[in-house]
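Novice: Just passing along the structure, written as structure tokens.
Computed from the coordinates by the stated procedures, all read-outs in this text should not be read as laboratory data. In this text, all values refer to a predicted model and were calculated from it rather than measured experimentally. When we count neighbours, we look across all protein chains shown, and the Cβ atoms used for this are built from the backbone with ideal geometry, even at glycine.
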Amino acid sequence: MEFSEVFRSQTHSSLDQASGYVQGLFKSPKGRANCYFMGNSLNEFDGQNLHHMLTTSPWEYSKLFRAILKRSIKWLRTHGERIYILIDEVGYRKKGKHSACVGHQYLGCIGKNDNGQVAVTAALSGGDFYCPVEMELFMPKDWGDDAELREKAGIPATKKQESKTVIALRMIKKLYKKISKDVECVVFDALYGNTVGLLRQLMILEIPFVGDIKENLTVYMREPSWKIPPYSGRGRKFTKERPDKEPIMVRDYMHGLTIEDFKLLTVRNGTKGILQARYHMRKVWVLHDPSKTFLTLHLLIRKDADGKTKYSLGFFNQKVTMKRMAKAQAQRVFVERVFEEGKNIAGMGDYQTRSWTGFHRHAALSSLALLFLMEQKITLKKTIGRITAYQIQELVNATVNTLCSIEQVIEKLLDQIPRYQKLIQNQLKTVT
């Protein structure tokens with residue numbers, strides 16, 4: 001599907017307004033990428049028309065996300081590396097209580113609870129490149145039963161309150177069904193990695209994953225069986241089966257390891273250059289209590305040069321290697337880049353619309369802007385070397401704001417390339 005088709009119906013076209021909106025996302029200063037500011041700064045577009053496109057024009061944001069997915073896959077395939085599905089959530093601080101799904105909840109952007117909105121996000125990464133391909137607002141429980149709030153925010157009647165892990169699983173299943181041949185695995189943080197029910201569902205579906213976990217998660221070092229403990233001769237006899245092995249927290253297991261139990265690996269890790277860290281991997285078993293089953297997984301422990309320790313659980317249909325898991329674990333940096341560039345360059349958090357539809361349309365258009373950034377990074381890397389999203393933004397803004405010529409901007413960017421490459425070399429992370 002071409003992007004122009006998304007914004008056209010038999011009687012109406014929002015293509016010009018959508019194009020202007022994406023230009024405005026790039027040109028607007030951080031915190032001001034909204035219809036009002038764009039209308040005052042873009043000569044060709046009126047803020048009211050942009051707001052109408054964002055809220056009431058007849059186009060579907062789901063179609064735009066599908067088009068972004070199709071095109072991002074095409075571009076990520078060009079450099080021949082396997083693709084990762086990245087799952088995370090992004091938070092936005094908000095005032096008031098009328099924006100769709102707003103509430104007092106944990107916001108990762110500030111690291112604590114506050115009033116705001118949270119969207120579960122799926123992104124793709126391959127090599128050093130990345131792009132968001134779907135976002136969905138998480139609905140707090142008090143919104144699920146408040147018909148008046150839902151109606152005012154334009155939340156579809158069919159949309160029910162679901163946990164973040166349920167939303168994530170739905171996204172993963174849909175994406176993996178479409179692009180499984182290109183996917184190495186799914187990667188997510190500890191919110192999802194600690195949800196054993198999600199891990200079990202992915203294993204049943206044979207979807208490979210590497211998920212971070214918290215240090216207090218308990219695992220079994222040997223495969224347990226369900227048995228009734230023998231009678232000790234004192235007290236009541238046991239009547240229910242229990243695991244015949246004792247679990248251990250991954251943190252306690254790590255403390256029992258020596259430096260000889262770790263292997264130094266070099267892993268590619270985006271614009272910060274080469275990541276070197278010490279890794280330990282072994283097979284473990286995790287209890288899924290509702291089904292009384294033990295999941296056979298691989299535990300990966302990573303020790304960074306700065307002393308930080310990360311824990312992950314992984315599942316692969318094919319052979320599992322430490323290098324394979326380590327590379328997948330390192331992909332999480334790219335979803336952080338998505339949110340960083342999205343908020344700083346593509347106006348991801350600057351929307352001023354309260355409706356469900358308005359939020360998701362803004363998210364889709366912001367994702368379209370990030371897709372454009374990815375395409376330019378891939379294209380320019382082949383000709384002039386690695387280039388940052390901020391440099392591309394400067395180039396784009398020169399075409400929107402003609403205070404200087406495009407040739408002058410290109411000359412300036414070319415001059416920055418050697419300094420940028422030197423900066424990368426200085427940012428290499430090593431473990432001593």
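Novice: Roughly what % of Cα-Cα distances in region 158-220 sit above 20 Å, to the whole percent?
Specialist: Pairs farther apart than 20 Å: 29 percent.
Novice: On a 0 to 90° scale, report how tilted helix 15-27 is relative to the longest principal axis of the chain, with both axes built from alpha carbons and the result rounded to the nearest 10.
Specialist: 70
Novice: In nm, give the distance between the simple-model label positions of Lys70 and Cys109, each being 7 Å from the Cα along the Cα-to-Cβ direction.
Specialist: 3.1
Novice: How large is ³J(HN,Hα) for each residue in region 68-77, as worked out from phi by the Karplus curve 6.51 cos²θ - 1.76 cosθ + 1.60 (θ = phi - 60°), to whole Hz, x for Gly and Pro?
Specialist: These are the phi-based 3J(HN,Hα) values: 4, 4, 4, 6, 5, 4, 4, 6, 5, 5 Hz.
Novice: Still on this structure: Given 0.36 nm per residue, what is the gain on full extension from Arg386 to Asp304 after removing their alpha carbon distance, in nm?
Specialist: Numbers: separation 82, 0.36 × 82 = 29.52 nm, distance 2.56 nm.
So the extension gain works out to 27.0 nm.
Novice: Provide, in order from the shortest bin, the percent of all Cα-Cα pairs of region 148-268 in each 10 Å bin, continuing until the bin that contains the maximum pair distance.
Specialist: P(r) for region 148-268, in whole percents per bin: 9, 24, 27, 23, 11, 6, 0.
Novice: Oh, and also: Using Cα atoms only, what is the angle between the long axis of helix 356-381 and the major principal axis of the chain, expressed in degrees (0 to 90) to the nearest 10?
Specialist: Taking the Cα atoms of the chain, the angle to 356-381 is about 90 degrees.
Novice: Next question, about the same structure. Report the gain in length on full extension from Glu241 to Glu60: 0.36 nm times residue separation, minus Cα-Cα distance, nm rounded to one decimal. Don't skip to the answer; put the middle values down first.
Specialist: Numbers: separation 181, 0.36 × 181 = 65.16 nm, distance 5.27 nm.
In short, 59.9 nm is gained.
Novice: Moving to a separate point now. Once you have a ≥ b ≥ c as the square roots of the Cα gyration tensor eigenvalues for region 20-64, tell me rounded if a/c is under 1.5, and otherwise prolate or oblate according to whether a/b is larger than b/c.
Specialist: Because a/c hits 1.5 or more and a/b exceeds b/c, region 20-64 counts as prolate.
Novice: Also: Assigning unit charges at the beta carbon (Lys, Arg +1; Asp, Glu -1) and nothing else, what dipole magnitude in debye, to the nearest 20, does the chain show about its Cα centre?
Specialist: Values: 67 positive and 44 negative charges, 326 e Å.
It works out to roughly 1560 debye.
Novice: If you take the C-alpha gyration tensor of region 207-313, multiply each eigenvalue by 5 and take the square root, what semi-axes do you get, largest first, in whole Å? Each step should come with its number before you reach the end.
Specialist: Values: eigenvalues 252, 46, 20 Å².
Over the Cα atoms of region 207-313, the ellipsoid semi-axes are 35, 15, 10 Å.
Novice: Restricting things to Cα coordinates, could you compute the convex hull volume per residue of region 269-346 in Å³? Before the final figure, lay out each step's value.
Specialist: Values: hull volume 11.7 nm³, N = 78.
Hull volume over Cα atoms, normalised by residue count, gives 150 Å³.
Novice: Follow-up. Averaging the inverse of every distinct alpha carbon separation and then flipping it gives the Kirkwood radius. What is it for region 282-404, in angstrom units? Mind dumping the intermediate values first?
Specialist: On the way: mean 1/r = 0.0542 Å⁻¹.
About 18.5 Å, per the Kirkwood formula over Cα pairs.
Novice: Can you quote the Å³ per residue value for the convex hull of the Cα atoms in the chain, rounded to an integer? The partial results should precede the final answer.
Specialist: Details: hull volume 75.1 nm³, N = 432.
Measuring per residue, one finds 174 Å³ for the Cα hull of the chain.
Novice: Suppose each label sits 7 Å from its Cα in the direction of the beta carbon; what would the Lys263-Arg251 distance come out to in nanometres?
Specialist: Those two pseudo-labels are separated by 2.8 nm.
Novice: Next up: Run the helix sum for the chain: -39,500 (n - 2.57) per DSSP H stretch of 4+ residues, divided by residue count, reported at 222 nm to the nearest 500 deg cm²/dmol.
Specialist: Working: 16 runs with 175 residues, N = 432.
Result for the chain, helices only: -12000 deg cm²/dmol.
Novice: Let me ask something else. I need the calculated FRET efficiency for the pair Asp142 and Glu215, taking r as the beta carbon distance and R₀ as 25 Å, to the nearest 0.05. If you can, show how the numbers build up before the last one.
Specialist: Details: r = 32 Å, r/R0 = 1.27.
E between Asp142 and Glu215, to the nearest 0.05, is 0.20.
Novice: ³J(HN,Hα) across region 233-241 via Karplus (A = 6.51, B = -1.76, C = 1.60, θ = phi - 60°), whole Hz, x for Gly/Pro?
Specialist: x, 10, x, 7, 6, 6, 10, 10, 6
Novice: Which of rounded, prolate or oblate describes region 50-109 when judged by the alpha-carbon gyration tensor and an a/c cut-off of 1.5? Could you put the intermediate results ahead of the total?
Specialist: On the way: a/c = 3.87, a/b = 1.46, b/c = 2.66.
Judged from the Cα gyration tensor, region 50-109 comes out oblate (a/c at least 1.5, b/c at or above a/b).
Novice: Which pairs break 31 Å Cα to Cα here: Lys160/Lys377; Lys173/Lys343; Lys112/Lys245; Lys30/Lys181; Lys95/Lys164; Lys181/Lys381? If you can, show how the numbers build up before the last one.
Specialist: Numbers: Lys160/Lys377 39 Å; Lys173/Lys343 27 Å; Lys112/Lys245 37 Å; Lys30/Lys181 38 Å; Lys95/Lys164 22 Å; Lys181/Lys381 26 Å.
Check vs 31 Å cut-off fails for Lys160/Lys377; Lys112/Lys245; Lys30/Lys181.
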